[in-house]
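**Student:** Take this structure, written in structure tokens, and hold onto it; I'll ask about it next.
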Amino acid sequence: MRTAPVVIVGAGPTGLTAATLLAQYGVECLVLDRWESIYPQPRAVALDDEVHRILARLGLRDEFAAISRPHLGLRLLDRNMRVLAEFRRDVAQGRHGYPQGSMFDQPELETILRRNLERYGGVTLRGNAEVTALTQDAGGVRVDLTDTATGEHESVRAAYVLGCDGANSLTRASIGATMQDLGFTQRWLVIDVATEADLGQWEGVHQLSDPARAGTYMRIGNTRYRWEFQLTPGETPDDYRDMGRLHPLISRWTGDIPAVELEIIRVAEYTFRAQVADRWRDRRMFLLGDAAHLTPPFIGQGMCAGLRDAMNLAWKLAGVLDGALAETVLDTYEIERRQHARAMIKLAKLIGTAMTAGGELGNVIRRAVAPRLHLVPGLTDLATDSRTPPLHRSDLVVRPRLRRGLAGGLCPNAIIDGDRRFDDLAAGRFAIVTSVEPSAAQRADIERRGVVVVVARPGSELRRWLASGAARAAVVRPDGAVLHAGRRLTCRTIDAIRPLGG
Ligand SMILES: Cc1cc2nc3c(=O)[nH]c(=O)nc-3n(C[C@H](O)[C@H](O)[C@H](O)COP(=O)(O)OP(=O)(O)OC[C@H]3O[C@@H](n4cnc5c(N)ncnc54)[C@H](O)[C@@H]3O)c2cc1C
């Protein structure tokens, strides 16, 4: 039987990201997907700067820039297209070094993710490979698969399995996990249109709160546009497959542009759900991405959450396989990520409910509440600088119970010197960011452990960041999250875990 240290079930954005990160740490993996190539249906179109930073980490900074366009943020509109609330995004460079919001087309992103993966020798991506069973024992996992082109069955033995197999995950069923419903289910119509004409609209996400029919509009490429509309009971996508039927829905945005100049690329129906799996791990098997959580896409966070999962788990798993980290660090994955995913889903639900709730009465409430939405805990950070909540406390997120502090948040990808940013020095490695210049002996001791030292000079962005958490030194993990921050330069926490070599 063939063996692989890691088998990844599913080559969607989550599986491809996990495979690339593991490959960067030198971990061999086999990625299996039931389809021969990329799933072509319209799905994700927006991502934030934290996730842009992950793509850059994969080596896709320039490739992603070429297929994406920065956007100005999100507007909640009433039925007369008046702005009820606005969440602005910086299109230049936010604290992660990238535009705070970007638009793209998911199949195009998956194309560059796949092409990039080919750069790594240790990864095999196999299409037409449907995983049919996962059986775990003390030493590993048996992965049974069927080659959907030949019908042949085979088995692979893996030390670990990452279930990145989407909403109907076999891995989830195999570990006995079930989805917990967070109470949001709606049928929506998703439409992609191409046109050379300029629609002349505000270049951000428009969330339309029309009691007659809620909708979303955004420009996703030079000639590509996306609309999403809530379906009423009994309606199906077949009711909207020709431009004659579709045009009345989108004409608020297309104005005088004749229907013949608008080409329908795809019309599809999706059921938007808010769900989180009740467990994300059973011994050697993990759930990531849509297999672990589903969110209504109102704040563009479904795929983003999957990439955050991969970023969180990859360095820990690589460290365990390398023998550098204790197996117990794998427990921190679900502890840290579950709460974060849940918090983002709740925010998406809130925006979705603000858009779609309650007919005329809902309209009155919306007018009163929408302008104050940015004051809702969680939405404040998201609204002001696209910041998401800190990771939950764990053995690798050490912070006092009652203080928020820096631990669990991301270290900014600040400019350190010249053109070099934090990630150019420290991505994938432990780092200590300190405003206290270490002594020669301290520096030698820290660097001997493979840890990068970054001194936050007076007046620098990193200095201000440390001060914002009342800290003088912070230990930053290989995924950019802060493990611990304090008033003194100490290696006590670092001592506990021998870092991965850089
Ligand atoms: C209309 C819409 C709009 C969206 N907008 C956004 C957005 O703007 N921003 C955002 O971040 N997210 C958005 N999302 C969500 C995003 O598309 C998903 O969260 C993302 O695709 C999940 O990625 P994944 O890799 O976890 O799962 P998937 O993309 O579902 O990939 C799973 C893969 O596993 C494979 N697979 C499944 N079972 C097996 C098996 N047994 N054997 C082998 N292979 C298997 C499948 O073939 C598939 O390739 C949107 C979704 C929708 C529907």
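**Student:** Among the residues that make up the range 128-150, is at least one of them open to solvent by 30 Å² or more (accessible area, probe 1.4 Å) and farther than 24 Å from Ala19 by Cα?
**Tutor:** Scanning the range 128-150 turns up at least one residue that is open to solvent by 30 Å² or more (accessible area, probe 1.4 Å) and farther than 24 Å from Ala19 by Cα.
**Student:** Here is a follow-up. So, Arg308, is that one open to solvent by 30 Å² or more (accessible area, probe 1.4 Å) and at pLDDT 95 or above or not?
**Tutor:** On the way: open to solvent by 30 Å² or more (accessible area, probe 1.4 Å): no; at pLDDT 95 or above: yes.
No; evaluated as a whole, the condition is false for this residue.
**Student:** Which one is farthest from the chain's Cα centre (by Cα) among residues in the range 33-62 that are buried (at least 19 other Cβ atoms within 10 Å of the Cβ) and of a type in the set (Asp, Glu)?
**Tutor:** Among residues in the range 33-62 that are buried (at least 19 other Cβ atoms within 10 Å of the Cβ) and of a type in the set (Asp, Glu), the one farthest from the chain's Cα centre (by Cα) is Asp33.
So that you can scan it fast, the table gives a plain yes or no per residue for (1) at pLDDT 95 or above; (2) away from the ligand (no atom under 13 Å from the Cβ); (3) not hydroxyl-bearing (Ser, Thr, Tyr):
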| position | (1), (2), (3) |
| --- | --- |
| Val9 | yes, no, yes |
| Val31 | yes, no, yes |
| Pro40 | no, no, yes |
| Ser68 | yes, no, no |
| Gly101 | no, no, yes |
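**Student:** Could you tell me how many of the residues in the range 282-299 are out of contact with any Phe, Trp or Tyr (no Cβ under 7 Å at 6 or more places or on another chain) and either free of Cβ contacts under 8 Å to residues at least 12 places away in the same chain or open to solvent by 10 Å² or more (accessible area, probe 1.4 Å) (or both)? Talk me through it step by step, then tell me what you get.
**Tutor:** Initial filter on the range 282-299 (out of contact with any Phe, Trp or Tyr (no Cβ under 7 Å at 6 or more places or on another chain)): 282-283, 285, 288-291, 293-295, 298-299.
So of that shortlist, the ones also either free of Cβ contacts under 8 Å to residues at least 12 places away in the same chain or open to solvent by 10 Å² or more (accessible area, probe 1.4 Å) (or both) come out as 282-283, 290, 294-295, 299.
Selection size over the range 282-299: 6.
**Student:** Can you confirm whether the range 85-105 contains a residue that is surrounded by fewer than 17 Cβ atoms within 10 Å (Cβ to Cβ) and closer than 22 Å to Ala19 by Cβ?
**Tutor:** No - not one qualifying residue is present in the range 85-105.
**Student:** Any chance the range 231-241 includes a residue that's in contact with a Ser or Thr (Cβ under 7 Å, 6 or more places away or on another chain), under 24 Å from Glu108 (Cβ atoms), at pLDDT below 95 and open to solvent by 40 Å² or more (accessible area, probe 1.4 Å)? Can you show your working first?
**Tutor:** Going residue by residue through the range 231-241, those that are in contact with a Ser or Thr (Cβ under 7 Å, 6 or more places away or on another chain) are none.
No, because not a single residue in the range 231-241 is in contact with a Ser or Thr (Cβ under 7 Å, 6 or more places away or on another chain), under 24 Å from Glu108 (Cβ atoms), at pLDDT below 95 and open to solvent by 40 Å² or more (accessible area, probe 1.4 Å).
**Student:** Kindly indicate whether Ala56 is free of Cβ contacts under 8 Å to residues at least 12 places away in the same chain and either away from the ligand (no atom under 11 Å from the Cβ) or among the acidic types (Asp, Glu) (or both). Even if it seems obvious, please write down each step before you answer.
**Tutor:** Details: free of Cβ contacts under 8 Å to residues at least 12 places away in the same chain: no; either away from the ligand (no atom under 11 Å from the Cβ) or among the acidic types (Asp, Glu) (or both): yes.
Judged against the criteria, Ala56 is not a match.
**Student:** Kindly check whether there is at least one residue in the range 424-432 that is modelled with pLDDT under 95 and assigned to a strand (DSSP E or B).
**Tutor:** yes
The values are calculated or read from the model by the stated rules, or taken from the named source; none is laboratory data. None of the values given here were measured: they were computed from a predicted structure. Every residue, glycine among them, receives a Cβ derived from its backbone with ideal geometry; neighbour counts consider all protein chains shown. Ligands, DNA and RNA are stripped out before the accessible areas are found, and what is left, the full protein with its side chains, is counted by its heavy atoms. Shrake-Rupley method; radii C 1.70, N 1.55, O 1.52, S 1.80 Å.
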